[in-house]
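The values are calculated or read from the model by the stated rules, or taken from the named source; none is laboratory data. Remember, it's a predicted structure, so these values are computed and weren't measured experimentally. No Cβ is skipped: glycine too gets one built from the backbone with ideal geometry, and neighbour counts run over all protein chains shown.
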Amino acid sequence: MGYTAEDELLIKEKWDDLLYSCTRICKNDEDWNFIKRAFFLAKEAHAGVRRRSGEPYLLHPIAVAKIAVDEIGLGVKSVVASLLHDVVEDTEYTVEDMERIFGQKIASMVDGLTKMSGVFNADTSEQAEYFRKVLLTLSDDVRVILIKIADRLHNMRTLGAMPMNKQIKITGETIYLFAPLAHRLGLYAIKTELEDLCMKYRFPQQYAEIKQKLADTDANRREYIEKFCAPIKEALDRDNFNYEIAGRVKSVYSIWSKMQRKQIPFEEIYDLFAIRIVFKSLPFPSEKTQCWQIYSTITDIYTPKPDRLRDWISMPKANGYEALHSTVMGPDGVWVEVQIRTQRMEDIAERGFAAHWKYKQAEGDVDEFDKWLNQIRAALNSPTENAVDFLDNFKLSLYTSEIVVFTPKGESRKMPFGSTALDFAYDIHSKIGNSAIGAKINHELKPITTQIQSGDQIEIITSDNAKPKAEWLDVVTTGKAKQSIKNFLKRERQNNIERGMEMLEQKMQQLNIQLNGHVLRKIIPAYESTTKEELYTKIGAGIISLDDLEKILKENSGRKLLKFWTFLIPQKKSNTPSEEQKESAKTTNKEAHAQQFEVAECCHPIPGDKVVGYHDPLTDKIIVHKATCDELNRLAAQHGKNIVKEEIQWSRQKAMSYLVTAELRGIDRKGILMDLARIISGDFNINIREINIKSHAGIFEGNLSLYVKDVESLNAVMDKMRQVKGIESIKRTL
Ligand code: MN
C-alpha cells in the first residue's frame with residue numbers, strides 16, 4: 001500500500017503545478033494552509049488506490065483542482081473541495097469528518113459532490129432526472145456544479161483508459177448534460193473541449209477524417225485569411241488600435257454537427273472559420289463605442305450582410321457572452337463572419353466564470369463574486385425570461401421515457417415523456433384538470449396544451465367557469481387524464497340531454513304547440529341534427545338557440561299558403577249512413593278548422609292540382625298531397641286507412657300567385673331565351689322569378705321559376721313554350 005517513489009515523483013510534479021496556479025488565489029498563509037491540509041488528507045485517504053490507467057488516484061483530484069482554478073477561475077474553497085471531492089465517496093471519511101476538519105462550508109460542498117457522484121453511479125434510467133433535481137437542491141452553492149464540471153472534464157480527458165461500455169455511458173452524459181451545462185455557465189472553451197472529446201471517443205473515424213480535412217485545407221485557409229485581414233490591419237493600425245486579429249476555425253464537433261444537421265459534406269461547410277478581432281479597449285469612449293468604430297472600419301472595406309449583424313454588447317447573452325458579430329462579403333465572393341470584442345469580453349467568452357471573477361476583482365469589487373454566483377443560483381431556482389431556461393439545453397428526454405417535473409412547492413412528480421401541462425393537471429387531481437385554463441411553466445404563462453419537459457416547474461391556472469373539451473382527448477397522453485375527460489364529457493352529455501329536453505318543452509309550451517314525434521321530425525333537420533339526442537344535447541349545451549323555433553315551425557307548416565287557400569271535403573248525399581259515411585262525417589267535421597289541413601312538404605300542391613288527403617294520426621291533421629305524389633303512394637301502401645277517402649277540393653281562391661319551377665331542355669339557338677321570355681311575360685303576363693340556362697355542345701338545360709295563379713295558367717304557358725322552336729321538353733319540378 002501507499003505510494004511508490006515513482007508515484008511520489010509524479011504527485012510532486014502535479015502538486016507543484018497546482019500550487020503555482022494557486023499563487024493567483026491565495027492571499028495569506030491561512031489560504032495556503034487550507035489547501036495544503038486538504039492535499040495531505042486526500043493523499044492519505046486515496047493512498048495506494050490507482051485509476052484504471054494505473055496512475056495514482058490522487059492525480060485526479062489534483063487535476064480537478066487545477067482545472068477549477070486555471071480554467072474556471074474558482075477560489076481557495078473550491079480548490080479545497082476539489083481536492084476532497086472523492087474522499088467521502090471512495091474512502092472511509094465521512095461528511096462529519098469533513099465538517100470537523102474543514103468546517104461546515106467545505107463539508108456541504110463535498111457532500112454535494114458526493115451526492116452527484118451517487119447519481120451517476122446509480123445504474124438507473126432516471127439518472128438524468130435526478131441530475132436536475134440534485135442541481136436544484138445544490139443550487140445554494142453553484143461552485144459544487146462548477147467543480148463537478150471540472151471533474152467531468154478531467155474524466156473525459158482520461159477516458160481512453162475506460163472500457164467501451166463506460167465510455168459510452170460517460171460520453172452520453174457529457175454530450176447531453178455537461179456540455180450544455182458548461183455552455184450555460186459561459187464556459188465556452190470547456191464546452192467545446194467536452195464535445196470534441198465525446199466525438200473522439202464515440203465516432204473516432206469521423207473525428208479523424210474531419211481533423212485530416214481541416215489539416216489538408218489549412219494552408220489555403222491561412223492564405224485567404226491573410227488576404228482578408230490585410231486591409232483591416234492597415235486601417236486598424238492607422239486608427240491606433242491595440243488589437244489582435246486571427247482566423248478561428250470551428251471545432252471538429254461543430255463542423256460534424258452541421259454536416260449531420262444539413263446533410264452536407266465537409267466541402268460544403270462555408271463557415272469553417274470566423275475572423276476574430278480582440279482589442280484592448282481604451283478608458284474612453286465606451287467599449288461599445290470602440291467596438292462599433294471597428295465595425296464601421298471593416299464595413300468600409302467589405303460589404304456587410306444586413307441580416308447577419310448581432311449586437312451582443314447592448315444585449316449580452318444570458319450566459320454573459322458579449323461581442324459584436326457581422327458577416328461581410330470577403331474577396332472571391334466568400335461570406336466571412338467577423339467577431340469584434342474587447343479583451344475583457346474575450347476572457348468572459350472563453351472562460352466565463354473565471355473571467356467574470358478576475359475582472360470584478362481587478363476593479364476591487366469583492367462582492368461581485370457572490371453577486372455572480374447569486375445570478376446563477378437564481379437561474380437554477382427560478383428560470384425567468386431573461387435567464388435562458390436551463391433545461392432547454394438538456395436533452396433529458398433522450399434518456400428515458402419518463403420525466404420528472406415539479407409542483408410550485410417543489411414536490412417532484414414523474415410523468416410519461418410527451419405529457420402536457422394538462423396531463424400534469426389531471427395527475428394532481430381531476431378537479432384541477434377539469435377546471436384548467438392555462439399553466440405557468442417555469443413562471444412563464446403557457447397554453448395548457450404545452451408539452452412539458454423534465455425539470456419544469458408547473459403551476460396550473462384554473463377557473464370555475466372552465467370545463468373539459470372533447471379536443472382535450474387529443475392533447476393528453478396519460479390514461480388518468482383521458483379517463484377523467486371522458487367521464488366528464490359523458491356526464492355533461494347526459495346533463496345536456498336532460499336540460500335540452502326541458503328547454504324545448506318549455507319553449508313549446510310558450511308557443512302552445514304539443515311536442516310530439518311529428519314536430520320533432522321537423523325540428524331535428526332544421527337544427528342540423530340527426531337524432532333526438534343530438535338535438536337535445538345541442539340545445540342543452542347552448543349550441544343552438546330556440547329563439548327561431550316559432551319561425552321554423554311556421555315555415556315548415558305551409559301556413560302561409562293556407563292563409564289564402566283552404567280545402568273542402570264535400571258531403572256525400574246518402575239516405576243510409578254507412579260506416580264509410582260515418583267515417584267521412586268525422587273527417588268532415590274537421591273542415592271547420594282550416595288549420596287542420598296542411599300542404600305536404602314533399603310535393604307542394606298548388607291550387608288546381610288534383611290532391612289527396614292523408615290523416616296524420618300524430619298531429620291529427622290532414623296532409624294534402626298531389627295525387628301523383630310518390631310519398632302519398634308510400635303512405636297509402638303502409639297506412640292505407642289514413643287516406644282520406646273523400647275527394648279534397650281546393651276552396652276559396654284569392655288573387656294570389658304561387659311559385660312553381662320547371663326544367664327545360666332543348667337545342668340551343670340564338671334568341672331562344674328571348675322567345676321564351678316573350679311568351680311568359682308578354683302573352684301570359686306571368687312574372688319570371690328566375691331563369692337559368694346552361695349550354696353545352698349545342699344542347700341547353702335550364703331551370704325556370706315562375707309565379708302563377710293556378711295550374712290552369714301554368715299548363716297553358718307550358719304548352720305554348722313547348723311550341724318554341726328548339727324546346728324539347730318542359731317539366732314541372734315543384
Ligand atoms: Mn472525481
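Residues in the range 31-66 that are within 16 Å of the ligand (Cβ to nearest atom) and either of a type in the set (Lys, Arg) or farther than 19 Å from Thr158 by Cβ (or both): Ala38, Phe39, Leu41, Lys43, Ala45, Arg50, Arg51, Arg52, Lys66.
Which fully enclosed helices (runs of 4 or more DSSP H) of the range 140-215 have 1 or more residues being within 19 Å of Lys66 (Cβ to Cβ)?
Helices (runs of 4 or more DSSP H) meeting the threshold: 142-157, 179-184, 188-202.
Per this entry, Ile428 is not counted among residues that are crowded, with 18+ Cβ neighbours inside 10 Å and on the phi < 0 side of the Ramachandran plot. For the range 15-31, the candidate set comprises residues that are hydrophobic (A, V, I, L, M, F, W, C) and under 13 Å from Gly75 (Cβ atoms); within that set, the residue that is farthest from the chain's Cα centre (by Cα) is Cys26. Scanning the range 222-241 for residues that are at pLDDT 90 or above and not hydrophobic (A, V, I, L, M, F, W, C) yields Arg222, Glu223, Tyr224, Glu226, Lys227, Pro231, Lys233, Glu234, Asp237, Arg238.
Of all residues in the range 1-28, those that are assigned to a helix (DSSP H, G or I) and farther than 24 Å from Asp97 by Cβ total 14. For the range 69-105, the tally of residues that are over 14 Å from Cys26 (Cα atoms) and either crowded, with 23+ Cβ neighbours inside 10 Å or without any contact (Cβ under 8 Å) to a residue 40 or more places away in the chain (or both) stands at 20. Contact annotation: no residue pair with Cβ atoms under 8 Å, 6 or more positions apart or on different chains, pairs a residue in the range 172-185 that is within 10 Å of Ile149 (Cβ to Cβ) and not assigned by TED's automatic domain parsing to the domain that holds Met156 with a partner that is at pLDDT 75 or above and of a type in the set (Ser, Thr, Tyr). Taking (1) surrounded by 15 or more Cβ atoms within 10 Å (Cβ to Cβ); (2) farther than 17 Å from Thr297 by Cβ; (3) aliphatic (A, V, I, L, M) in turn, Leu236 satisfies each apart from (2).
Here's the yes/no breakdown for (1) within 30 Å of Pro204 (Cα to Cα); (2) touching a residue at least 60 places away in the same chain (Cβ under 8 Å); (3) not in a helix (DSSP H, G or I):
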position: Leu236; (1), (2), (3): no, yes, no
position: Arg276; (1), (2), (3): yes, yes, yes
position: Cys291; (1), (2), (3): no, no, no
position: Ile298; (1), (2), (3): no, yes, no
position: Ile313; (1), (2), (3): no, no, yes
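Residues in the range 64-92 that are at pLDDT 90 or above and either assigned to a loop (DSSP other than H, G, I, E, B) or small (Gly, Ala, Ser) (or both): Ala65, Ala68, Ser78, Ala81, Ser82, Leu84, His85, Asp86.
Of the residues making up the range 678-694, those that are loosely packed, with under 15 Cβ neighbours inside 10 Å and either of a type in the set (Lys, Arg) or not in a helix (DSSP H, G or I) (or both) are Arg678, Asn685, Asn687, Ile688, Arg689, Glu690, Asn692, Lys694. Which residue pairs have Cβ atoms under 9 Å apart, sit 6 or more places apart or on different chains, and have a first residue in the range 43-61 that is among the hydroxyl-bearing types (Ser, Thr, Tyr) and a second that is away from the ligand (no atom under 14 Å from the Cβ) and part of a loop (DSSP other than H, G, I, E, B)? Once the first residue is among the hydroxyl-bearing types (Ser, Thr, Tyr) and sits in the range 43-61, its partners that are away from the ligand (no atom under 14 Å from the Cβ) and part of a loop (DSSP other than H, G, I, E, B) give Tyr57/Ala47; Tyr57/Gly48.
Among the residues making up the range 67-82, a single one is within 13 Å of the ligand (Cβ to nearest atom) and more than 14 Å from Val144 (Cβ to Cβ): Ile67.
Annotation: of all residues in the range 174-198 being of a type in the set (D, E, K, R) and modelled with pLDDT of 75 or more, the one that is nearest to the ligand (Cβ to nearest atom) is Glu193. Residue under question is Gln723, and the condition is that it be out of contact with any strand residue (DSSP E or B) (no Cβ under 7 Å at 6 or more places or on another chain), over 15 Å from Pro605 (Cβ atoms) and in the same structural domain as His604 (by TED's automatic domain parsing); does it hold? When the stated conditions are applied, Gln723 does not pass them. Is it true that some residue in the range 486-509 is at negative phi and touching a Pro at 6+ places or on another chain (Cβ under 7 Å)? The answer is yes; a qualifying residue exists. Of all the listed residues (Asn242, Asn220), the sole one being exposed (fewer than 13 other Cβ atoms within 10 Å of the Cβ), under 30 Å from Thr289 (Cβ atoms) and among the polar types (S, T, N, Q) is Asn242. If Lys586 meets every condition in (1) outside the structural domain of Val711 (by TED's automatic domain parsing); (2) basic (Lys, Arg); (3) modelled with pLDDT of 75 or more apart from one, which number is that one? Every listed condition holds for Lys586 apart from (3). I'd like the residue in the range 442-485 that is free of Cβ contacts under 8 Å to residues at least 60 places away in the same chain and small (Gly, Ala, Ser) and, out of all such residues, is surrounded by the most Cβ atoms within 10 Å (Cβ to Cβ). So, considering only residues that are free of Cβ contacts under 8 Å to residues at least 60 places away in the same chain and small (Gly, Ala, Ser), the one surrounded by the most Cβ atoms within 10 Å (Cβ to Cβ) is Ala481.
Conditions tested, residue by residue: (1) closer than 12 Å to Ile730 by Cβ; (2) without any contact (Cβ under 8 Å) to a residue 40 or more places away in the chain.
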| position | (1), (2) |
| --- | --- |
| Ser651 | no, no |
| Leu664 | yes, no |
| Ile680 | yes, no |
| Asp683 | no, yes |
| Asn687 | no, yes |
| Glu690 | no, yes |
| Lys694 | no, yes |
| Leu704 | yes, no |
| Tyr707 | no, no |
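For the range 293-308, does any single residue satisfy the condition of being modelled with pLDDT of 85 or more and within 13 Å of Arg276 (Cβ to Cβ)? Yes: the range 293-308 contains one or more residues that are modelled with pLDDT of 85 or more and within 13 Å of Arg276 (Cβ to Cβ).
Name the one entry in Ile513, Ile448, Ile524, Ile497 that is of a type in the set (Val, Ile, Thr) and closer than 26 Å to Met415 by Cβ.
Ile448
I'd like to check something: does the range 661-669 contain any residue that is touching a His at 6+ places or on another chain (Cβ under 6 Å), at pLDDT 75 or above and assigned to a loop (DSSP other than H, G, I, E, B)?
No.
Residues in the range 93-111 that are within 15 Å of the ligand (Cβ to nearest atom) and part of a helix (DSSP H, G or I): Met109, Val110, Asp111.
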